[in-house]
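Right, one structure below, let's go through it.
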Amino acid sequence: MMKKLGYSVLRRVTTAHLLRKMCLLSVTLPFLVSATNLVVATDKENANVPAPYKIGLWGDLPYSEAQEVGVTRLIDDMNSQKLSFTVHDGDLKAGSNSLCDNALYAKALGYFNTLEAPAAFTPGDNDWTDCDRPSNGGFNSLERLDYERQVFFSTNFSLGRRQLAQEVQTAPLCLGVNGAVSCVENRRWTFGRVTYATLNIQGSCNNLCDTAPDPEEYAARNAANIAWMKETFKLAKERNSAAVMLISQANPGWDQTDPTRAPLRDAKTLVQTDGQPDGFKDFLLALRDEVIAFGKPVAYVHGDSHYFRIDKPFLDAQGRRLENFTRVETFGNNQGNGTNDVQWIKVSVNPRSREVFSYQPQIVPSNRVAVPAP
């Protein structure tokens, strides 16, 4: 079994352990599978993972009842493909006219725990920063983020039927309702000689605009994200990782080309030029330095603008394209077309290859709308 799963060290989670965890979270798990199927990988390096291996990326789903049905089909599709792990890059619901109540997070936890492979997650703005909108119930945003930290990030393991050990940003650098808290949603793991990390970077100006902007919360979390990102590259170098993949929610905008889907930004200075509050410049400047210094392939995965694409929009200060950097935006909500964009991306990871990552959109046959599957 160990060889088949590609994990060098495995731990089986007992039913009693899971029940204790469920009681701690105090949420209902309507789609949770049998606890006896849970297997945990505990070796940080996973040095014996055969190459290549495959992972699944998705996010900004579900936004409607129709998409909830589509998500169950999407999960079935991912489960059929023997993935090493999956990552959801945030937004568990629509940004407006949908409650941020506890049932939302319980339902999402159920989805994640029906995934056969380990399931990582990073929060989205619809999950917490936008919860103070009246149409979402007028919740306190920080209280909702505190609750997400409790529900999804209470241990140093991923979600999913099999669980992956993760490094956690435990320093109390972020803010919660009652002051400084650990940024436990920021995670990192090295798998098959590639280092992965999640970062709590949000749409809606990264909490600097919308219904109740919070500059103090932003400043703390932004500094924490920059520190976590820099430490990720440092560890990737020490571990001789072949590549780095970062996953967050927000599309920060990279240049002047996409005003309908992202902030406009001077590609050389990385200063936002559209007059809106800029919650991303400092992070992007730090990221650019790290990408150049690392030299090897870097993938930056995000959602937010609901437009599947893979491109190279990042430039250096002289306007030259960073050849080793690739932006990957996952599929996302298109409520007008139901399940039309309820799809995912399969990534083949081969640390022995020059580019390391190769990408293939996965169009779930039963979620096709415009051109039904033959």
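The values are calculated or read from the model by the stated rules, or taken from the named source; none is laboratory data. All of these numbers come straight from a predicted model, not from anything done at the bench. Virtual Cβ from ideal backbone geometry, glycine too; neighbours counted across all protein chains shown. Heavy atoms of the whole protein, side chains included, go into the accessibility calculation; ligands, DNA and RNA do not. Shrake-Rupley method; radii C 1.70, N 1.55, O 1.52, S 1.80 Å.
Taking (1) within 23 Å of the chain's Cα centre (by Cα); (2) under 23 Å from Leu83 (Cα atoms); (3) assigned to a loop (DSSP other than H, G, I, E, B) in turn, Ile345 satisfies each apart from (3).
Open to solvent by 20 Å² or more (accessible area, probe 1.4 Å) and either at pLDDT 95 or above or small (Gly, Ala, Ser) (or both): is that true of Asp316 in this structure? So Asp316 does not fit the description; no.
Considered as a group, the residues in segment 211-230 that are not aliphatic (A, V, I, L, M) and not in a helix (DSSP H, G or I) include one that is surrounded by the fewest Cβ atoms within 10 Å (Cβ to Cβ), and that residue is Thr211. For segment 320-365, filtering for residues that are closer than 15 Å to Leu61 by Cβ and among the hydroxyl-bearing types (Ser, Thr, Tyr) leaves 2.
Of the residues Glu148, Glu185, which single one is at pLDDT 95 or above, within 24 Å of Phe85 (Cα to Cα) and part of a strand (DSSP E or B)? Checking each option against the conditions leaves just Glu185.
When the residues of segment 236-246 are filtered to those that are under 21 Å from the mean Cα position of the chain (by Cα) and within 13 Å of Phe191 (Cβ to Cβ), the one that is surrounded by the fewest Cβ atoms within 10 Å (Cβ to Cβ) is Ala242. Can you name the number of the only condition in (1) at pLDDT 95 or above; (2) on the phi > 0 side of the Ramachandran plot; (3) in a helix (DSSP H, G or I) that Gly138 fails? Result: Gly138 fails condition (3) only.
Taking the criterion of being part of a loop (DSSP other than H, G, I, E, B) and closer than 24 Å to Val369 by Cβ, the residues of segment 64-89 that qualify are Ser64, Ser80, Gln81, Asp89. Across segment 231-247, the qualifying residues are those that are out of contact with any Asp or Glu (no Cβ under 6 Å at 6 or more places or on another chain) and not in a helix (DSSP H, G or I), and the one among them that is farthest from Thr326 (Cα to Cα) is Arg239. Scanning segment 267-313 for residues that are open to solvent by 30 Å² or more (accessible area, probe 1.4 Å) and among the small types (Gly, Ala, Ser) returns Gly275, Ala293, Gly295.
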